[in-house]
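As structure tokens, the structure follows; a few thoughts come after it.
The values are calculated or read from the model by the stated rules, or taken from the named source; none is laboratory data. Just so we're clear, the structure is a prediction, and the values are computed from it rather than from any experiment. As a convention, Cβ positions derive from the backbone with ideal geometry for all residues, glycine included, and neighbour counts pool all protein chains shown.
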Amino acid sequence: MVEQTQEYKPSIQPSEEGRVLPSGEREFFFDVSTSDLEVNMGPQHPATHGVMRVLLRTDGELVTGAQPHLGYLHRGAEKIGENVEWLQYLPYTDRYDYLAAMNNNLGYSLAVEALMPGLEIPRRATLIRTICAELNRIASHLIAFGTYGLDIGAFTPFFYAFREREWIQALFEKICGARLTYSYIRIGGVFNEAPPGWLKEVEHFCDVFEEKWKEYYDLLALNHIFVMRTKDIGVITPEMAYDFGLTGPMLRGSGIDFDLRRDMPYMDYTEIWEAGAYQIPLGSGEKGTLGDCWDRFDVRVKEMIESIKIVRYCLGVIEPGPVLGDVPKVIKVPPGEAYVGIENPRGELGHYSHSDGGKVAVRCRVRGPSFVNLAVLEDLMPGTLLADSVAIIGSTDIVVGETDR
Amino acid sequence: MDFKAIYDHLRAVDAPGLIEADEPRLPDKETKDKGRSGMPFVRIEPASFVDFLLVCRDDPKLTFELLVDLTASDPAADDENLWVLVQLLSVKHKHRLAVKAYLPKSSASIPSATAVYRAAQWHERECGEMYGITFVGHPDPRNILLPDDWVGYPMRKDYEFPKEYHGVSCE
């Protein structure tokens, strides 16, 4: 896997001039010529979180270039969307960002509903959608939290994160029968009514999670070794974030106050914001530089607790009622084009749907946040140390199912 | 700003290449027009693509800092045009703009937006391999999701699925 691009010539010669250390000792440098190496990180590297390859060009411990190579998981989701009926495409949406399938279902459903002006979504359905989307955001950020620790060498938080994620999966299993690919939020509302007592269980989860969250934050985010590994590394300036079109925690980690839930609201997020139920965490450069790996990680971890607050608000106002609007078995979508972007755990998930009035879409575009956020790697990596490259890739929090679609 | 105000402002500053606004309309039985739902677009000339984006990014009343999405679409197999669709987003003013350009299928070529927004770089690579659109001035126009030796443009409506790939039958 390691390819030597130049002939290696050891020429270890102590330089004549040394450096006087504060202790008074003399330190000599050695002129060691280290030829450029091209190292394939992946496709089966644990830190790439899926089948992705980063071609690193290294000079000793220094990374001088990085080029991500994608496409190992390309399944042609957009082409499939042009060949199956509107509702049949829903299960495919589960499979791009498989850690946040509820959010994908929601984004697709909203994009199709934008073309159906006559369709009314019941209030209860909207609230259940919000609860599921926010719970799924917590589950997704728990993975980001756990695996980021794992990448850097902290093993324990991973197991704690998976314990809580398991609980969320069990909740989802109760409501829709699936643990990872839900297809629960569908065009017109949600698939079925929540089972009796489900909302109570969600409330119980919120109570327990709030306590646990504080422990996790102290355990990993404020851990000295972790902070030293992530602060001042992979700094994304606000200008760079704009230029690369970053969204979600990657944008907010650079201190830019923008969240689609508040600023371009969909569903009932305006009402929740106006009720003062949640805040939007921003990167502050608290531990190092604004926009470093720690800031992005911090935004994700703090977002979990904000999601809990949103869930609590929804649990407070939810009332009995229907959960699915008046949609026929075979959905015919009126002609038109719509682009709907929602706040996924990783950023803006955009769906562009184009209908000519038939049973099948003309175009079914998916704008995956991971795909866009990954592009920044080419600029972020040069000049860092090889050991930090893992920290930088981990901080972009990509899901390869979404970059490749 | 809402779409109407953005469009009026683009007219007022004489944005290069602006052709028309394409807004949703109700169906009309007399003219047998099926109507259109969804969201409004502005249509621009492909040749002034970069200049138009520069105005969108730098005008103080618009300030579209983010190029959220750049994609293409093939509306029908017998249609003579491909569409290039761009979604812009302003963080400061909290508004969006959808931009559309028509490219003839016989010579689908448009200037690259990478000089204005680097976010366009990967999107353009994807459009290039999927639709066969040439982005003039793109720094790195390789395939991104497909293998380098892929034949044809898979997202075009007249694409024929391959019978075999490297000696492996696909049927």
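Quick check: anything in region A:341-356 more than 13 Å from A:Leu260 (Cβ to Cβ) and of a type in the set (A, V, I, L, M, F, W, C)?
So far as region A:341-356 goes, no, none of its residues is more than 13 Å from A:Leu260 (Cβ to Cβ) and of a type in the set (A, V, I, L, M, F, W, C).
Scan region A:257-286 for residues that are in a loop (DSSP other than H, G, I, E, B) and of a type in the set (Val, Ile, Thr) and jot them down.
Scanning region A:257-286 gives a single hit, A:Ile280.
I need the full set of residues from region A:110-124 which are buried (at least 24 other Cβ atoms within 10 Å of the Cβ) and part of a helix (DSSP H, G or I), in order please.
Result: A:Ala111, A:Val112.
Based on what the data block shows, is A:Val327 in contact with a Gly (Cβ under 8 Å, 6 or more places away or on another chain), modelled with pLDDT under 90 and surrounded by 22 or more Cβ atoms within 10 Å (Cβ to Cβ)? Don't jump to the end; show me each part of the working.
Values: in contact with a Gly (Cβ under 8 Å, 6 or more places away or on another chain): yes; modelled with pLDDT under 90: yes; surrounded by 22 or more Cβ atoms within 10 Å (Cβ to Cβ): no.
In short, no.
Could you tell me which of the residues B:Pro139, B:Pro104, B:Pro154, B:Pro111 is at the interface with chain A (Cβ under 10 Å from one of its Cβ atoms) and either over 20 Å from the mean Cα position of the chain (by Cα) or not hydrophobic (A, V, I, L, M, F, W, C) (or both)? Can you show your working first?
Numbers: B:Pro139 fails: at the interface with chain A (Cβ under 10 Å from one of its Cβ atoms); B:Pro104 fails: at the interface with chain A (Cβ under 10 Å from one of its Cβ atoms); B:Pro111 fails: at the interface with chain A (Cβ under 10 Å from one of its Cβ atoms).
Going through B:Pro139, B:Pro104, B:Pro154, B:Pro111 in turn, the sole match is B:Pro154.
Quick one: which helices (runs of 4 or more DSSP H) sit completely within region A:287-405 and have at least 2 residues that are under 30 Å from A:Pro117 (Cα atoms)? Before you say what the answer is, go through the steps one by one.
Details: elements: A:293-317, A:369-374, A:377-380, A:386-396, A:400-404.
So the answer is A:293-317.
Output the residue which, of all residues in region A:52-86 that are of a type in the set (Val, Ile, Thr) and within 30 Å of A:Val362 (Cα to Cα), is farthest from the chain's Cα centre (by Cα).
In the first step, residues of region A:52-86 are kept if they are of a type in the set (Val, Ile, Thr); the result is A:54, A:58, A:63-64, A:80, A:84.
Within this subset, residues satisfying the condition of being within 30 Å of A:Val362 (Cα to Cα) are A:80, A:84.
Working: A:Ile80: 24, A:Val84: 27 Å.
Among residues in region A:52-86 that are of a type in the set (Val, Ile, Thr) and within 30 Å of A:Val362 (Cα to Cα), the one farthest from the chain's Cα centre (by Cα) is A:Val84.
Those residues that are surrounded by fewer than 19 Cβ atoms within 10 Å (Cβ to Cβ), assigned to a loop (DSSP other than H, G, I, E, B) and not small (Gly, Ala, Ser), I need them from region A:41-85; list them, please.
Correct list: A:Pro43, A:Gln44, A:His45, A:Val51, A:Glu61, A:Tyr72, A:His74, A:Arg75, A:Glu82, A:Asn83, A:Val84.
How many residues, within region B:32-63, are within 14 Å of another protein chain (Cβ to nearest Cβ) and among the hydroxyl-bearing types (Ser, Thr, Tyr)?
Going through region B:32-63 one residue at a time, the tally reaches 2.
Table: residues versus (1) buried (at least 22 other Cβ atoms within 10 Å of the Cβ); (2) free of Cβ contacts under 8 Å to residues at least 24 places away in the same chain.
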{"position": "B:Gly38", "(1), (2)": "yes, yes"}
{"position": "B:Ile44", "(1), (2)": "yes, no"}
{"position": "B:Leu53", "(1), (2)": "yes, no"}
{"position": "B:Pro60", "(1), (2)": "no, yes"}
{"position": "B:Phe64", "(1), (2)": "yes, no"}
{"position": "B:Leu89", "(1), (2)": "yes, no"}
{"position": "B:Ser109", "(1), (2)": "no, no"}
{"position": "B:Ala113", "(1), (2)": "yes, no"}
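Among the listed residues B:Arg125, B:Arg96, which satisfies the condition of being out of contact with any Phe, Trp or Tyr (no Cβ under 6 Å at 6 or more places or on another chain), charged (D, E, K, R) and part of a strand (DSSP E or B)?
B:Arg96
Would a scan of region A:300-323 turn up a residue that is in contact with a helix residue (DSSP H, G or I) (Cβ under 9 Å, 6 or more places away or on another chain) and within 14 Å of another protein chain (Cβ to nearest Cβ)?
No, every residue in region A:300-323 fails to be in contact with a helix residue (DSSP H, G or I) (Cβ under 9 Å, 6 or more places away or on another chain) and within 14 Å of another protein chain (Cβ to nearest Cβ).
In region B:64-85, how many residues are more than 10 Å from chain A (Cβ to nearest Cβ) and of a type in the set (A, V, I, L, M)?
So the count comes out to 3.
Against the conditions (1) more than 10 Å from chain A (Cβ to nearest Cβ); (2) in contact with a strand residue (DSSP E or B) (Cβ under 8 Å, 6 or more places away or on another chain), where does B:Glu164 fall short? Just the number, please.
Of everything listed in (1) more than 10 Å from chain A (Cβ to nearest Cβ); (2) in contact with a strand residue (DSSP E or B) (Cβ under 8 Å, 6 or more places away or on another chain), B:Glu164 misses just condition (2).
Can you report the number of residues in region B:99-120 which are within 23 Å of B:Asp22 (Cα to Cα) and not in a strand (DSSP E or B)?
So the answer is 3.
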